[in-house]
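A.B. asks: Pasting in a structure now, in structure tokens, and then I'll have a few things to ask.
The values are calculated or read from the model by the stated rules, or taken from the named source; none is laboratory data. All figures in this text were calculated on a predicted structure; none of them were measured in a lab. Note that we place each Cβ from the backbone using ideal geometry, even for glycine, and neighbour counts take in every protein chain shown. Ligands, DNA and RNA are excluded from the accessible area calculation, which covers all protein heavy atoms including side chains. Shrake-Rupley method; radii C 1.70, N 1.55, O 1.52, S 1.80 Å.
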Amino acid sequence: MPETDLGELMCGICGRYNFVSQAPVERQDLEKMTKTMVHRGPDDEGYYLEGALGFGFRRLSIIDLEGGHQPMSDREKTVWVVFNGEIYNFPELKRELEDLGHVFQTRCDTEVIALGYKQWGDEVLNRLNGMFGLAIWDTRQKRLLIARDPFGVKPVYYRVDKGQLYFGSEIRPVIATADKRPEVDPVALNLFLRYRFTPSPHTLFAGVKKLAPGSMLTFEKGAFSLRLWYRSKPVPFSPVKSVGEAREELLELYKRSVKRHLLSDVPVGLLLSGGVDSALLLALMNLNGESWRTYTVGYGTSFADDELADAAETAARFSSKHTAVLLDRKAFEEKLPRIVSCMEEPVATSSIVPMYFVCERAREDVKVALIGQGPDELFGGYNRHLGIRYGRLWRGLPKWLRAPVASAIRGLPRNETLRRGIQSLDIPDRLRRYQHVLSLLPGYRIDGLFQDGIIGPATGDEILTCWQHLAPLLSETDELGGFQFLELRSTLPDELLMYADKLSMAHSLEARVPYLDKEIVEYAERLPANLKVRNGSQKWLHRQVCQNLLPAKILRRKKRGFTTNVVDDWFRTARRQKMDDILLDHRSLIYRYLRPSAVGEMLERHRTGHDDNHKILFSLVVFEEWLRGQGFGR
């Protein structure tokens, strides 16, 4: 085993700072906040209080319990740290700091943050390669820093109220000591219904924010500021990489990343779908060991899109110890409220259901699981990437030709995605073009769901404000690269990675994301579009790498997703009664904000086949479950 304690693993952090009044923090309040996160770390807790500041910490013990205890400080106790996540380049940073004269007391990656801050100040963040939500208290400067990792693998929430800061890995500790439950933020609700997730810094709880990926809060001298600390600006490689060069370099980056992500003194597994991304991870894992545990989830042979057979075949090819999790409609129905509650803020993608169950089963054997998120965003794996990649061809057509084609497409039934895509291609402003690609429905249709007086005009455009700080970093990117840059810092962390963190941590399982290693992302963002989507082939360079390690049969499989199509099918058919119970009952909690007639019309147009509204309808069901689970009905 390597001499590194990456045993922090599953944990949760929280804290309070009375930065205006400087009134002492009460320990009982801090304990109340911390105990809301027992599931993130059931074995140990720790506290640090210094006057107006208090840190709380929950940990699942792995090894070196005393050495890894948090909050942690340097020897002189001038810097205190609470940290959730992993620093994968910890060994290199430790050696560098030791060469500079620093003496380590533990084998924990947490200590490299404390001593790195002493050496480099805020710049320590740019030296970290890992996933993290952290807080650093500088006792000499009386300065608090809170930061989230570059791509938002680990969440950080906060609330500032009357000169008091509350922060945590989850929303629960942030509102644990509030006098009353926060109300629903109508702007955030509009964003959720339009995009299926709530973009940073918003949450559905009024007054509760989440740090955007790569951003930091600092509190000093009675005031606070928010800024982007990770300001990587992709500049295309010059000269342009040849295919052979890019393929070999990307493969080496993949190998290094997987090796780093396997560093652990506890069992590590893999969440295995039937596709190429997780199959490649398993092949790369086999370069560092054998007989890894793998887990997949499915619904059996009655569904054509089920992945169980494909995943089992991949597992057999690479000799993993494979476990299949079989779901049925009853489990889906019964667990949806629990799943929505675990996420704290709703995400309306149907893959939340299989993710919950596969994490639950994996935790019986392992404490760490690798997941295959990332290549779709990095290399263009979604249908929307095709439209963006070749959109300039459409814009190059004369208007007299585009107009009748667009009109014909708009008249097609049940084709909202294509309609929206064609409309977005004609938008001259780059960020607005991207916004329309990501929208479930046009803004006016979402706005029309709301009761009068709930929202202001163009509320859904608030996402443009969320992205504004990123706009200067897009100047050197091509059209596809700019869109992917936003995906990696918005839709991926605020949707897919958010529920991956919450649903894995609900079972005290840590999910690691090797494809989002900082070296890989920064490399991919410098590549041209023709290495990502080439002659209509998606994830082209990624698949070139796969050819080195995967058999052709796996490479030929169609993209399925983690059984999402099956769940969507259930929602349209078997779950019809559940949908009616919520959407056609005017007593449902959603109608405190929305108009029953507008929702009813949307449901009717879906049922008659005029529109395909299953995504927005699922969003409404998830919102109702969220309201009930948060106690808004009481």
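A.B. asks: Would you mind working out the accessible area per residue for the chain, using a 1.4 Å probe, and quoting it in Å²? Don't skip to the end; give the middle numbers.
C.D. replies: Values: 23550 Å² over 634 residues.
I get 37 Å² per residue for the chain.
A.B. asks: Rounded, prolate or oblate: which fits the range 185-241, taking a ≥ b ≥ c as square roots of the Cα gyration tensor eigenvalues, rounded meaning a/c under 1.5, else prolate when a/b beats b/c?
C.D. replies: Details: a/c = 5.28, a/b = 1.34, b/c = 3.94.
Because a/c hits 1.5 or more and a/b fails to exceed b/c, the range 185-241 counts as oblate.
A.B. asks: Non-local amide H neighbours of residue 130 (under 5 Å, H modeled in plane, Pro and chain starts lacking H): which ones?
C.D. replies: The list, which skips near neighbours in sequence, is 88, 518.
A.B. asks: Provide the FRET efficiency to the nearest 0.05 for the residue 547-residue 96 pair, computing r from the beta carbons and using R0 = 25 Å.
C.D. replies: Rounded to the nearest 0.05, the efficiency is 0.10.
A.B. asks: Once you put a point 7 Å from the Cα of residue 598 and another 7 Å from the Cα of residue 427, both along the Cβ direction, what distance in nm separates them?
C.D. replies: 1.9
A.B. asks: Compare 455, 339 by solvent-accessible area with a 1.4 Å probe and give them largest first, with all protein chains kept in place.
C.D. replies: Greatest to least solvent exposure: 455, 339.
A.B. asks: Apply the Karplus curve 6.51 cos²θ - 1.76 cosθ + 1.60, θ = phi - 60°, to the phi angles in the range 196-201 and return the couplings in whole Hz, x for Gly and Pro.
C.D. replies: After applying 6.51 cos²θ - 1.76 cosθ + 1.60, I find 6, 8, 10, x, 4, x Hz.
A.B. asks: Determine the shape class of the range 477-524: with a ≥ b ≥ c the square roots of the Cα gyration tensor eigenvalues, call it rounded for a/c under 1.5, and otherwise prolate if a/b is greater than b/c, oblate otherwise.
C.D. replies: It is oblate, given that a/c is not under 1.5 and a/b is not larger than b/c.
A.B. asks: Please give every one of the aspartates and glutamates within straight-line cross-link reach of residue 367, meaning a C-alpha to C-alpha distance under 12 Å, and leave out same-chain neighbours fewer than 8 residues apart.
C.D. replies: Cross-link targets: 8, 265, 510.
A.B. asks: For every helix of n ≥ 4 consecutive DSSP H residues, a contribution of -39,500 (n - 2.57) applies; sum these over the chain, divide by its total residues, and give [θ] at 222 nm rounded to the nearest 500 deg cm²/dmol.
C.D. replies: -11500 deg cm²/dmol
A.B. asks: List the residues whose amide H sits under 5 Å from the amide H of residue 440, counting only those 5 or more places along or on another chain, with H placed 1.01 Å from N in the peptide plane.
C.D. replies: For residue 440, the qualifying residues are 195.
A.B. asks: Would you compute, for the Cα atoms of the range 138-245, the largest minus smallest coordinate along each principal axis and list the three values in descending order, in whole Å?
C.D. replies: Principal-axis extents of the range 138-245 (Cα, largest first): 61, 45, 18 Å.
A.B. asks: When the Karplus curve 6.51 cos²θ - 1.76 cosθ + 1.60 is applied with θ = phi - 60°, which whole-Hz ³J(HN,Hα) does each residue of the range 89-104 get, with x for Gly and Pro?
C.D. replies: 9, 3, x, 5, 5, 4, 4, 4, 5, 5, 5, 8, x, 7, 10, 8
A.B. asks: Separate question: Take the Cβ-Cβ distance between residue 468 and residue 338 as r, set R0 to 41 Å, and report the resulting FRET efficiency rounded to the nearest 0.05.
C.D. replies: So, using R0 = 41 Å, E works out to roughly 0.65.
A.B. asks: Hey, what do the phi angles of the range 608-618 turn into as Karplus ³J(HN,Hα) couplings, whole Hz, using 6.51/-1.76/1.60 and θ = phi - 60°, x for Gly and Pro?
C.D. replies: 7, x, 6, 10, 9, 10, 4, 5, 5, 5, 5
A.B. asks: Taking the range 255-300, how much of its Cα-Cα pair set, in percent, is spaced more than 15 angstrom apart?
C.D. replies: Percentage above 15 Å: 43.
A.B. asks: For a quick protection proxy, order the peptides 621-633, 321-333 by their average other-Cβ count within 10 Å, most packed first. Display every interim value, and only then the final one.
C.D. replies: On the way: 621-633: 19.0, 321-333: 15.8.
By packing density, highest mean first, the sequence is 621-633, 321-333.
A.B. asks: Which percent of the accessible area of the chain is formed by carbon and sulfur heavy atoms (probe 1.4 angstrom)? Before the final figure, lay out the partial values.
C.D. replies: Details: 11530 of 23550 Å².
Percent of accessible area from carbon and sulfur atoms in the chain: 49.
A.B. asks: Round to the nearest 0.05 the FRET efficiency obtained for residue 476 and residue 177 when R0 = 51 Å and r is the Cβ-Cβ distance.
C.D. replies: 0.65
A.B. asks: Need one number: convex hull volume per residue for the chain, Cα atoms only, in Å³.
C.D. replies: So the per-residue Cα hull volume is 156 Å³.
A.B. asks: Can you bin the range 247-384 into rounded, prolate or oblate? Criterion: square roots of the alpha carbon gyration tensor eigenvalues sorted a ≥ b ≥ c, rounded for a/c under 1.5, prolate for a/b above b/c, oblate for the rest. Could you put the intermediate results ahead of the total?
C.D. replies: Details: a/c = 1.57, a/b = 1.46, b/c = 1.08.
Prolate shape, in that a/c is at least 1.5 and a/b is the bigger ratio.
A.B. asks: What distance in nm lies between label points placed 7 Å from Cα along the C-beta direction at residue 238 and residue 535?
C.D. replies: So the two model labels end up 3.0 nm from each other.
A.B. asks: By how many nm would the segment from residue 331 to residue 105 lengthen if fully extended, with 0.36 nm per residue of separation less the alpha-carbon distance? Could the numbers behind the result be given before it?
C.D. replies: On the way: separation 226, 0.36 × 226 = 81.36 nm, distance 4.78 nm.
Additional length available on full extension: 76.6 nm.
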